[in-house]
Each structure stands twice: as structure tokens, then as C-alpha cells.
1. Looking at (1) closer than 20 Å to E115 by Cβ; (2) touching a residue at least 40 places away in the same chain (Cβ under 8 Å), which is the only condition Y220 fails?
2. Being among the charged types (D, E, K, R) and within 30 Å of S151 (Cβ to Cβ) is true for just one of R51, R81. Which residue is that?
3. For E188, which of the numbered conditions (1) of a type outside the set (F, W, Y); (2) in contact (Cβ under 8 Å) with a residue 40 or more places away in the chain; (3) closer than 30 Å to Y64 by Cα; (4) surrounded by fewer than 14 Cβ atoms within 10 Å (Cβ to Cβ) fails to hold?
4. Could you please let me know if R179 is in contact (Cβ under 8 Å) with a residue 60 or more places away in the chain, in contact with an Asp or Glu (Cβ under 9 Å, 6 or more places away or on another chain) and of a type outside the set (A, V, I, L, M, F, W, C)?
5. Give the residue that is nearest to L175 (Cα to Cα), with candidates limited to residues of region 102-123 that are over 16 Å from the mean Cα position of the chain (by Cα) and surrounded by fewer than 17 Cβ atoms within 10 Å (Cβ to Cβ).
6. Look through A148, A192, A170 and report the one residue that is at pLDDT 85 or above and over 21 Å from K108 (Cβ atoms).
7. Somewhere in region 85-99, is a residue surrounded by fewer than 15 Cβ atoms within 10 Å (Cβ to Cβ), in a helix (DSSP H, G or I) and modelled with pLDDT of 80 or more?
Amino acid sequence: MTNHPLAAVVFGILLWVVSPAIPAQEREPPLVFGFAAFPPFGYVDDQGNIRGALVDIAKQISQYLGLTVEYRERPPARLFREVADGDIQVTMAAKDHQTLQTIALQSKAPVISSEIRVYRRHDTPAITSVNALQGQHLILITNYAYGALTSYIRDPAHNIQVEQATTHKAALGMLKLGRADYLLNYREPMEALLAEESTNNITCDLIAPIDIHFYVSRAYTNAESLLASLERGLLQQREDDQNGRLRGSLSPCNTHTATKQQN
């Protein structure tokens, strides 16, 4: 599988277990939570505060485990490099992430589930499969990756015309104005945007479910132990979850779900 935006959307966590029995001067220095800006999953707001759905979940799990967490924002390439070096111990990213699989251990269970969707105007035909994108006019978000769909869309044999938008809002504006017939995006940022916009002419089709997992740097000495702790905390948080955040509880597409992803 190619790099995923949620891929272009990846999170790293550097976690330190607080032990009152160990004097402060003998404790190891805190480890770091690094993330690439990807609202609403993880971002720094105008006041410099760390926010986002995955950040919130990481805080819940770290608090349950008694961990102190430091956060750092990184461009994706630097984030991967620091995970490889062990400067960042933990990251969150899509399942079977091509880069991270070689440098980190992946959790067995997902932290949260999301979706890649095709958004369209109501008067535009539904996308019933990934292959239905062939020959279509499609809007993508600049610097985002879409898993295996990225290489599929870029394949000249599929004759997909691509327009680039620098932001989610710009992409939605292009779709409304008919600059293209379809917009490929993740569920969470688009749902947040649609909730703010006064529009009732946009619907969507589900293209692919995306599971987000913990990854622990292979360069970290206690990688397997840390991953086991995170999985234990995740299991407990899932059992205690009251609002469905760990299950990806946002609303489904309005009218149609694409049947299958391409092989």
C-alpha cells in the first residue's frame, strides 16, 4: 500500500511513564508526540494549542497509562526520519503504511477508523466503484495522499483529470462552482466544513475505509513493551468509550456507498 494521507495525515508520540518511586533526576527524559498538521486529526491552532481528534485520543490513552506526553509538529518527511532515528517513539498512521512498516511496529487493532469519500453535487452521477473514477474530472487536496488510490488516480491509463486545491474550503468551492465533478477527501475534515457551510447540494459516496493504527519506532529500545502498553490502554479506552470517538462515529454518506475498491 502506498503512503496514506492519513496519510498525508501521520502522528508520532514520545511517551514517558511517570513513576513516583524514581527520583526526578534519575528519570529518563520525556519522549515526544510528533504530528503532521492535518485538521481536524491534529493541528496547532492560532493560539498555539495542540488540537485534533487523534491528539485527544492519545491524551486519553496516555492519561490512563500514567504517561507524560510532549507534542511536536513536523513536516511528514521529517516526521518519518525522526521515527526511523528513534527521536520520535510512537506515531499514528494508516494501516500498512508503506514507509512506517519498515521503521516501526504496527498495533494489531486500529486506534480509530475513517473513510475516503468522493463528494459530488446531487446532479452528478454516483461513484459506484473505484473504477468508476476512470475518465472523470477530480479535485484533490495539494500534498495529501490517498493510500492506494493515489497511484490509481495518477495512472495515465485511467484518464482521470485532476484539479488541485490548497485547502478543504477551496476544494469545496471548486466543486460548487463546477470546476470539476468530484472531490476526493477524508470524512472528518469535509464533514466539519460542510457543517459550517450553508449548502444542501453536496452528497458523497464511500470509496474506502481507512483504519488508523499506532506505530512504535523500531529504534526504540523497549518498542515491543511500549506497543503492548499502548494496545492495553487502547483496549481499555475502547471499553470505556461513551461517545463513539474510537469507533469513528461520524455520519455516513448521504445517499450511496461505493461497493468495492479496486484490486
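1. (1)
2. R81
3. (4)
4. Values: in contact (Cβ under 8 Å) with a residue 60 or more places away in the chain: no; in contact with an Asp or Glu (Cβ under 9 Å, 6 or more places away or on another chain): yes; of a type outside the set (A, V, I, L, M, F, W, C): yes.
The answer is no for R179.
5. Let us first name the residues in region 102-123 that are over 16 Å from the mean Cα position of the chain (by Cα), namely 102-105, 108, 118-123.
If we keep only those that are surrounded by fewer than 17 Cβ atoms within 10 Å (Cβ to Cβ) too, we end up with 102, 108, 121-123.
Details: T102: 38, K108: 38, R121: 8, H122: 11, D123: 12 Å.
Filtering first and then ranking leaves R121.
6. Working: A148 fails: at pLDDT 85 or above; A192 fails: at pLDDT 85 or above.
Of A148, A192, A170, the one residue that is at pLDDT 85 or above and over 21 Å from K108 (Cβ atoms) is A170.
7. There is at least one residue in region 85-99 that is surrounded by fewer than 15 Cβ atoms within 10 Å (Cβ to Cβ), in a helix (DSSP H, G or I) and modelled with pLDDT of 80 or more.
The values are calculated or read from the model by the stated rules, or taken from the named source; none is laboratory data. Remember, predicted model here, so these are calculated numbers, not experimental data. Quick reminder, even Gly has a Cβ in these numbers, built from the backbone with ideal geometry, and neighbours come from all protein chains shown.
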